[in-house]
Amino acid sequence: MKNLSGKVIVKAIVFVVLSAILLSTVVGCGSAGGQQTTAAAATTAAAAAAAQTTAAAAAAEATTAATTAAAAAAAATTTAAAATAAGDTGQASSNQPDYYRGGDPIKFSYMRPVWQAPTYEKGNLYEQMLFEAGNVEIEANIIPVADYNSKVTVLIAGGTDIDVIWNMGPGNPAMYDIIDQGAFLALDDYLAKYPEVNSAVMDPIWSALTSPDGKRYFFPNSSSIFSPFPIWYRKDIVDDLGLEIPTTIDEFLTFLRQIHEEKPDMVTLTVNELFSEWYFQNIYNAFGYNHAWMLDPDDPNRIIPSFTSKNFRDALEWLHQLRVEGILDPDYMIAAGKRGADTWKAGEAVVICMNWSSYRDLLTNVRKNVGDHANIGLITSLQGPAGVSAAVNLSGYDRGFSINVNTKKADDIFEYLNWVYTDGYIINRYGFEDKTYTVNAEGHIISIPSDERDPAFAQPNKEPFNFPNKAVDAAWPNWLNYYNEFMAAGLTVEDLEVMRFSYEDAVTKYHPDYNRQAYSKTAAEKGTQLEQEYIVPARDKLFIDPTADIASWDAAVQNWLAAGGQQIIDEINEAQTDKSAPVYVYDYTGPDYR
């Protein structure tokens with residue numbers, strides 16, 4: 001994690017101190033699969049995270065007394081492991097202490113983004129069981145993650161009586177101003193009163209999120225420091241074609257051209273969500289573009305948004321050539337609502353850029369749709385003109401929540417949070433045994449895929465009540481959990497090793513983001529406007545239009561600089577005196593199958 005000197009040593013230390021308790025549902029908060037830290041987003045309002053939407057069946061209605069009784073009975077017979085404040089290993093215990101929260105009933109309103117389909121049905125069986133377990137009533141307000149950033153900013157600025165509100169945090173210029181204007185409650189006194197809640201976030205993250213007045217107004221949703229987007233390909237097809245696996249960006253272009261020629265009826269290259277260019281992270285890295293801030297090549301004492309660099313221009317020109325040659329998915333940036341992952345899993349595409357943890361889903365679905373002969377290969381560490389494909393370091397959180405300064409329920413909210421991070425933690429993290437997870441012969445918790453559950457317990461009905469997982473459970477992957485999931489899916493250790501390599505290879509060669517969330521007044525005032533007026537249209541035109549000229553990008557960057565972009569750069573450099581690269585060390589010490 002980051003410290004004030006800029007060095008970061010991150011260790012995922014998970015203490016195996018578990019007791020068992022009765023549970024109510026919910027898997028940990030969804031992350032964007034990829035936390036977008038574009039250079040533009042680092043200086044302007046945070047870009048909407050890629051919304052990974054999972055199809056879900058409609059939730060069962062709980063309208064009768066019999067259903068309510070069933071909920072109580074289920075809650076009374078469900079067992080699960082309890083986690084300590086230090087974290088959870090997924091190891092179940094045989095003890096059954098009463099995990100219900102005592103004291104007075106608590107009621108508050110809660111607004112958050114959802115990464116799943118927004119099909120939450122009020123009064124579902126999961127909700128009833130959670131409310132009974134936590135002695136709580138939560139009024140859920142949800143907004144799809146793709147729309148959240150823009151909508152929540154308007155909502156807060158206009159005034160709202162919602163008690164707990166997710167937002168982008170003080171690193172976002174708009175939220176910085178909202179915090180500065182006094183919209184949120186300072187959390188420090190409550191965090192001191194409830195140390196288990198405070199310890200759910202690592203100290204270096206707290207330090208990075210402390211406001212200029214020395215107080216904390218934002219509780220982060222801890223996430224991975226890295227989220228690599230490797231290049232996956234249909235190994236069975238490539239083997240049949242006898243193609244060599246590329247090791248450089250030039251060889252990769254040749255590789256794609258060969259596939260396009262040999263398989264003209266298939267999409268050669270696609271990405272998961274067809275509206276986002278974040279998925280080209282590995283390709284970008286080979287050109288030295290880190291999707292964030294970098295050292296100015298002409299001045300090592302200055303940092304610049306890397307989209308203004310020659311590195312990004314070269315990468316953009318390279319990707320534009322894929323559009324010109326028909327190699328890039330024809331629906332990319334064009335077909336609203338369509339996902340390249342669906343095309344790939346249907347057996348209609350050969351190469352896909354997608355999050356490292358998508359491997360199991362890609363493999364099981366392509367085999368289901370194409371046959372057991374289908375297999376996946378990995379392309380990694382492509383050497384390019386200015387770098388090697390790898391990961392980009394992220395902030396260590398993806399949004400989080402604040403408490404409305406006008407609420408009268410802060411004490412109650414923190415009492416509930418104290419339960420969430422102590423006796424109720426497995427409820428928040430996993431859910432009900434035999435409803436959202438099972439326990440194997442070794443006593444390990446294995447999540448049940450959302451689409452295989454009773455609809456009342458599917459993610460869309462659970463996610464609206466999720467609070468962030470503890471940081472120790474979010475910084476690094478839990479490889480033992482992945483092992484259990486792979487075994488339950490009928491996959492092999494060799495399959496898991498492919499996915500694990502895609503992650504570990506990338507994070508040990510990461511490209512650092514040099515911006516430490518420094519504040520720019522100009523970015524807060526008009527950063528989003530400048531991005532939408534100059535950067536996004538010029539970039540997307542090169543992705544969409546095969547006749548577009550790279551000179552149009554050069555003009556867009558110059559216009560952005562002249563309209564206020566240069567002022568943003570100057571303000572960021574003035575605010576951040578430390579221009580050294582943050583240092584991260586991948587040192588996994590959590591539960592492991594090896």
Note on segment 369-403: residues modelled with pLDDT of 95 or more, open to solvent by less than 10 Å² (accessible area, probe 1.4 Å) and of a type outside the set (G, A, S) are I376, I379, L382, F401, I403
I'd like to know if segment 207-215 contains one or more residues that are open to solvent by 40 Å² or more (accessible area, probe 1.4 Å) and not in a loop (DSSP other than H, G, I, E, B). yes
Against the definition (loosely packed, with under 14 Cβ neighbours inside 10 Å, in contact (Cβ under 8 Å) with a residue 24 or more places away in the chain and under 26 Å from I231 (Cβ atoms)), how does V585 come out, yes or no? yes
Pairs, first at positive phi and outside any helix (DSSP H, G or I) in segment 453-474, second of a type in the set (D, E, K, R) and open to solvent by 10 Å² or more (accessible area, probe 1.4 Å), C-beta under 6 Å, six or more apart: none
Going by the structure shown, is F287 open to solvent by less than 20 Å² (accessible area, probe 1.4 Å), over 21 Å from S381 (Cα atoms), at pLDDT 95 or above and touching a helix residue (DSSP H, G or I) at 6+ places or on another chain (Cβ under 6 Å)? no
Scan of segment 173-206 for residues that are exposed (fewer than 15 other Cβ atoms within 10 Å of the Cβ) and in a loop (DSSP other than H, G, I, E, B), ordered by number: Q181, G182
Take segment 423-438 and flag every residue that is open to solvent by 10 Å² or more (accessible area, probe 1.4 Å) and farther than 15 Å from N461 by Cα. D423, E433, D434, T438
Whether any residue in segment 428-436 is outside any loop (DSSP other than H, G, I, E, B) and over 20 Å from the mean Cα position of the chain (by Cα) is what I want to check. yes
Residue among T153, T160 that alone is of a type in the set (S, T, N, Q) and under 20 Å from K408 (Cβ atoms): T160
What pairs come up if the first residue lies in segment 317-337 and is free of Cβ contacts under 8 Å to residues at least 40 places away in the same chain and hydroxyl-bearing (S, T, Y), the second is in a loop (DSSP other than H, G, I, E, B) and open to solvent by 30 Å² or more (accessible area, probe 1.4 Å), and their beta carbons are under 9 Å apart, counting only those six or more places apart or on different chains? none
Consider only pairs whose beta carbons are under 6 Å apart and that are at least six residues apart or on different chains; among these, list those whose first residue lies in segment 276-287 and is in contact (Cβ under 8 Å) with a residue 60 or more places away in the chain and on the phi < 0 side of the Ramachandran plot and whose second residue is of a type in the set (S, T, Y) and outside any helix (DSSP H, G or I). N282/S389; N285/S389; A286/S389
I'd like to check something: does segment 312-330 contain any residue that is within 30 Å of V152 (Cβ to Cβ) and open to solvent by less than 50 Å² (accessible area, probe 1.4 Å)? yes
crowded, with 20+ Cβ neighbours inside 10 Å and not aliphatic (A, V, I, L, M): is that true of T522 in this structure? yes
Can you find a residue in segment 109-125 that is within 21 Å of T436 (Cβ to Cβ), open to solvent by 40 Å² or more (accessible area, probe 1.4 Å) and of a type in the set (D, E)? yes
Could you list all residues from segment 252-279 that are within 30 Å of I225 (Cα to Cα) and either modelled with pLDDT of 95 or more or not in a helix (DSSP H, G or I) (or both)? F252, L253, L269, T270, V271, N272, E273, L274, F275, S276, E277
Looking at segment 217-242 only, could you name the residues that are of a type outside the set (A, V, I, L, M, F, W, C), open to solvent by less than 40 Å² (accessible area, probe 1.4 Å) and outside any strand (DSSP E or B)? Y217, S223, S224, S227, P228, P230, D236
Taking segment 538-555, which residues are open to solvent by less than 60 Å² (accessible area, probe 1.4 Å) and part of a helix (DSSP H, G or I)? A538, R539, D540, L542, F543, A551, S552, W553, D554, A555
Restricting attention to segment 543-565, does a residue exist that is over 30 Å from I205 (Cα atoms) and under 27 Å from the mean Cα position of the chain (by Cα)? yes
Quick one: in segment 200-230, of everything that is at pLDDT below 95 and hydroxyl-bearing (S, T, Y), which residue is farthest from the chain's Cα centre (by Cα)? S211
Odd one out for K470 among (1) open to solvent by less than 10 Å² (accessible area, probe 1.4 Å); (2) at pLDDT 95 or above: (2)
For segment 443-450, indicate whether the set of residues that are in contact with a Ser or Thr (Cβ under 7 Å, 6 or more places away or on another chain) and of a type in the set (S, T, Y) is non-empty. yes
Conditions (1) in a loop (DSSP other than H, G, I, E, B); (2) under 23 Å from the mean Cα position of the chain (by Cα): number failed by D161: (2)
Any chance you could count how many residues in segment 486-534 are among the hydrophobic types (A, V, I, L, M, F, W, C), at pLDDT 90 or above, closer than 30 Å to I379 by Cβ and assigned to a helix (DSSP H, G or I)? 9
Looking at L363, is it of a type outside the set (S, T, N, Q), open to solvent by less than 40 Å² (accessible area, probe 1.4 Å) and farther than 30 Å from L491 by Cα? no
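The values are calculated or read from the model by the stated rules, or taken from the named source; none is laboratory data. Just so it is clear, the structure is predicted and the values come from calculations on it, not from any experiment. FYI the Cβ positions are ideal-geometry reconstructions off the backbone, even for glycines, and counts take in every protein chain you see. The accessibility values were calculated without ligands, DNA or RNA, using every heavy atom of the protein model including side chains. Shrake-Rupley method; radii C 1.70, N 1.55, O 1.52, S 1.80 Å.
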